[in-house]
Amino acid sequence: MLKTHALPLTGAKIIDLPAFADNRGWFVKTFNDSAWKEAGIDFTLRESYFSISGKDVIRGMHFQTPPHQHAKIVFCPLGAILDVIVDLRAGSPTYGQHYAQELSAENHKAYYIPEGFAHGFKALTEGVITYYLVSSEYNQAADTGILYNSIGFDWQLNAPVLSARDLSFPTLEAFNSPFIFTSGTKP
């Protein structure tokens with residue numbers, strides 16, 4: 001059975017992915033439309049991808065702007081990451097707030113990240129795989145982010161490895177959000 005845990009950021013959830021172990025290893029179910037809907041997550045899969053990162057790499061804080069915004073389901077099938085989300089929905093009671101959760105091959109946890117959130121992570125292990133299920137297709141013109149160190153989160157790294165693109169993003173303070181929170185926002 002799929003178990004979800006509401007987070008302090010409105011609409012975001014942690015999911016305990018169903019995992020089964022035997023003498024061969026593990027089998028983890030990462031998506032089941034009926035079970036997710038029953039758990040209150042109405043998610044349409046449009047694209048999936050994964051990244052492989054070295055230890056101390058930070059990727060983020062990424063999102064796509066409307067009308068190409070998307071919800072994400074993120075999990076880590078190999079290694080471990082510290083995954084961070086930020087609410088960017090203007091008018092949200094949790095606007096600008098962040099939440100961090102370790103996702104790993106061992107804990108079988110996933111994030112459900114609603115539309116209007118920035119997402120990023122720090123690789124805690126070498127050769128970590130981060131897997132994404134996404135509700136819209138990639139759109140280069142809508143793909144952007146906010147500066148990782150402007151969200152009030154302590155990444156606990158002196159020399160993180162980041163892309164030039166990720167370092168070029170505006171700060172959260174300078175960001176003018178195109179996302180609007182409404183009481184009817186999907187959970």
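The values are calculated or read from the model by the stated rules, or taken from the named source; none is laboratory data. Keep in mind that this is a model prediction, so the values were computed, not measured. Reconstructed Cβ throughout: ideal geometry from the backbone, glycine too, with neighbour counts over all protein chains shown. Only protein heavy atoms, including side chains, enter the accessible area calculation; ligands, DNA and RNA are left aside. Shrake-Rupley method; radii C 1.70, N 1.55, O 1.52, S 1.80 Å.
Things to note:
- Most to least packed among 129-135, 63-69 [average Cβ atoms within 10 Å]: 129-135, 63-69
- Each Cα pair under 8 Å and six or more residues apart adds its sequence gap; the mean of these over the residue count of segment 78-163 is a relative contact order of 35 percent.
- Amide H to amide H, with H built 1.01 Å from N, GLU102 comes under 5 Å of ASP83, counting only residues 5 or more places away or on other chains.
- Carbon-plus-sulfur accessible fraction, the chain (probe radius 1.4 Å, protein heavy atoms only): 51%.
- If you sort the three axes of the alpha carbon gyration tensor as a ≥ b ≥ c, you get a/c of 1.5 or more for segment 114-176 and a/b no higher than b/c, which makes it oblate.
- When peptides 27-39, 113-125 are ranked by their average number of other Cβ atoms within 10 Å per residue, the highest-first order is 113-125, 27-39.
- Placing +1 on the Cβ of every Lys and Arg and -1 on the Cβ of every Asp and Glu, with no other charges, gives segment 125-187 a dipole of roughly 160 debye about its Cα centre.
- Positive-end extreme of charge dipole, the chain - chosen from HIS98, PHE27, HIS70 (charges on Cβ): PHE27
- In sequence order, calculated HN-Hα J values of segment 145-162 (Karplus, 6.51, -1.76, 1.60; Hz; x Gly/Pro): x, 10, 5, 4, 9, 9, 9, x, 9, 8, 6, 6, 9, 7, 9, x, 9, 9
- Length-normalised contact order of the chain in % [C-alpha pairs under 8 Å, at least 6 apart]: 30 percent
- Inter-centroid distance (Cα atoms) of segment 1-25 relative to segment 122-187, Å: 22 Å
- Anisotropy class of the chain from Cα gyration tensor, a/c 1.5 cut: oblate
- Sequence-distant lysines (8 or more away, or on other chains) whose Cα lies within less than 20 Å of LYS13: LYS3, LYS29, LYS37, LYS72, LYS109, LYS122, LYS186
- Entry comment: accessible area of segment 74-179 is 43 Å² per residue, from protein heavy atoms only and a probe of 1.4 Å.
- Amide proton proximity set for VAL57, modelled H, under 5 Å, gap of 5+: ALA123, VAL161
- Close amide H contacts of THR94 (hydrogens built in the peptide plane, cut-off under 5 Å, sequence separation of 5 or more or a different chain): THR10.
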